[in-house]
1. So how much slack lies between R398 and A377, counting 0.36 nm per residue of separation and subtracting their Cα-Cα distance, in nm?
2. Residues in region 328-365, backbone N under 17 Å from the label point at S124 (7 Å along the Cα-to-beta-carbon vector): list them, ranges by number please.
3. Classify region 421-465 as rounded, prolate or oblate from the Cα gyration tensor: take a ≥ b ≥ c as the square roots of its eigenvalues, call it rounded if a/c is under 1.5, otherwise prolate when a/b beats b/c and oblate if not.
4. Once you sort the root eigenvalues of the Cα gyration tensor of region 250-324 as a ≥ b ≥ c, which label holds: rounded (a/c under 1.5), prolate (a/b larger than b/c) or oblate (the other case)?
5. Could you give the size of the charge dipole of the chain about its Cα centre, using +1 on the Cβ of each K and R and -1 on the Cβ of each D and E, expressed in debye and rounded to the nearest 20?
6. Of K54/K266; K102/K256; K102/K266; K178/K317; K198/K256; K173/K256, which ones are farther than 26 Å apart at the Cα?
7. Helix by helix through the chain, keep the DSSP H runs that span 27 Å or more along the axis on Cα and average at least 0.0 on Kyte-Doolittle, and give those back in order.
8. How far apart, in nm, are the 7 Å Cα→Cβ label points at K133 and I66?
Amino acid sequence: MKGEANEKRSILSSGDPKWTGRASGLIVSLSLVMGLGISGCVLAPQGASEEEAKLNSVSPVFEPPIEARRLPALRAPAHWRDVLQRAFLANGELESAYFEWKAALARIDQAATWPNSNVAVSFSYMFSPENLKSWDRTTVGVGFDPSMNLSLPIKVQTAGEIALETARQAGEKLRMIKFDLQRKVLSSYFDLALVEEKIRIERENFTLLKLVSDSAASRARSGGSLQDSLKAEIESQMGESELANLEAEANSIRGKLNGMLARDAKASLRLPPRLPSPRPVTADDAQLIALGVEQNPELAGLARQVAGRKNAIELAKLAYLPDFIPSGSVTGNVSQVISTMVMLPTKLPAIRGAIREAEAMTRSSEAMLRQTRQDRAASFVANLYIMRNAERQAAFYRRRVLPAAEQLVSSSRNYYAAGTVAFADLIDSQRTLTAVRRTVAQILIERERRLAEIEALAGVDIETLSRSGKARATTLAPVPPQ
């Protein structure tokens, strides 16, 4: 027995290759574990790469700093596509939503990285009068951070799925802001186009009133009715005042639109000399309604929120599974130890509470999604009805009312020149024509406003719709019509 003890002591003190090999092997194993803990890997959920590809497709628009970003100059006259493209590039809210989306995608790696705990390396040296080598007095330990449990991979993967749904929701938020900005810009553009059309109408009306006023004044000097001359002068002055009011309104809208385009409020913004042509809608009403419910960015964002909260329920249930803290240590050639600490889930009431909370939040999101779907569907149908009615009104006024009003004015002028119609009748005829022309312009612009609302609700550029009602992928730049 004494000889065996002496032999063991001699082996330990001499560094027998067999024991040294075991220690080295354990050190290598622990080094591999430590390397895995330092580098880590991402248990990326399915769909993360597709979401990142979507982000990358729009990144060239927003990644350059605003100082280095070259905003396109507006042509004169400015078309609505040019205005809209510049608004997309200049808008800070849209840019902020992009970087929120990018940050949400970066959180996937944070949530899905495994091991989820840092590596802890310990070193100790034993001072002893025993005849031991320095290596045998040294203890090197490798393990995970004891302050953070090492979660099971399924927990980390579920957390990554929650982060992915959050990132998808951020992407839908960007789409929602894009179409909301598009609606605002187009509405302001069409408002300005309407006011400028009214100005053109009033200028023509003012020119005619001046001619009538001059004619009435000439008649009054020749012994005609002085009352007609005064009426003509009043009508002329009222037309001039209305023209000044419209000019002020146009300047106000122009300043607001320039602000959306990151331009000086007083910068020149000249529109084409006529109303924009109506944008064609190739899909029928049933296809538009179905598309409005399926593609609505707000509904899509809420659906992602519901999916994320369902994953949160699963993650809360996974808390019933234990976590681990593995570690290992080497004390020279004396001992090699591998140990694991198991963290048992003893906070059962807290786990059950977390599950109930996740279930309640899921029900809340489902209810909000259901109500929003009903509200958006109703709003979509209402805007569609108004748009179609505006198309009907515009066709009716152009085909029936406007030609009749023009014929009325023409005949009234001839009869007034012949002295068979009173001056008041001529003025009433002119007022009727002006009112009809303004009504037609308002109807046409109302149709375009409602179309912009429909695009925002559907989350689809109307130019991307095929005749089958299917939409191509939309971009942050306006798509030219087919």
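Bear in mind that the values in this text are calculations on the coordinates, not laboratory data. Owing to the predicted nature of the structure, the values given are computational and were not obtained by experimental measurement. Methodologically, a virtual Cβ is constructed for each residue, glycine included, from the backbone with ideal geometry; neighbour enumeration extends over all protein chains shown.
1. Values: separation 21, 0.36 × 21 = 7.56 nm, distance 3.16 nm.
4.4 nm is the gain from fully extending R398 to A377.
2. Label zone hits: 328-341.
3. Numbers: a/c = 10.50, a/b = 5.54, b/c = 1.89.
Note, shape of region 421-465 comes out prolate.
4. Working: a/c = 6.70, a/b = 2.03, b/c = 3.30.
Since a/c reaches 1.5 but b/c is at least a/b, the shape of region 250-324 is classed as oblate.
5. Details: 62 positive and 54 negative charges, 87 e Å.
The dipole magnitude comes to about 420 debye.
6. On the way: K54/K266 38 Å; K102/K256 30 Å; K102/K266 35 Å; K178/K317 38 Å; K198/K256 19 Å; K173/K256 24 Å.
As for pairs spanning more than 26 Å Cα to Cα, those are K54/K266; K102/K256; K102/K266; K178/K317.
7. Answer set is 17-39, 423-458.
8. 6.7 nm
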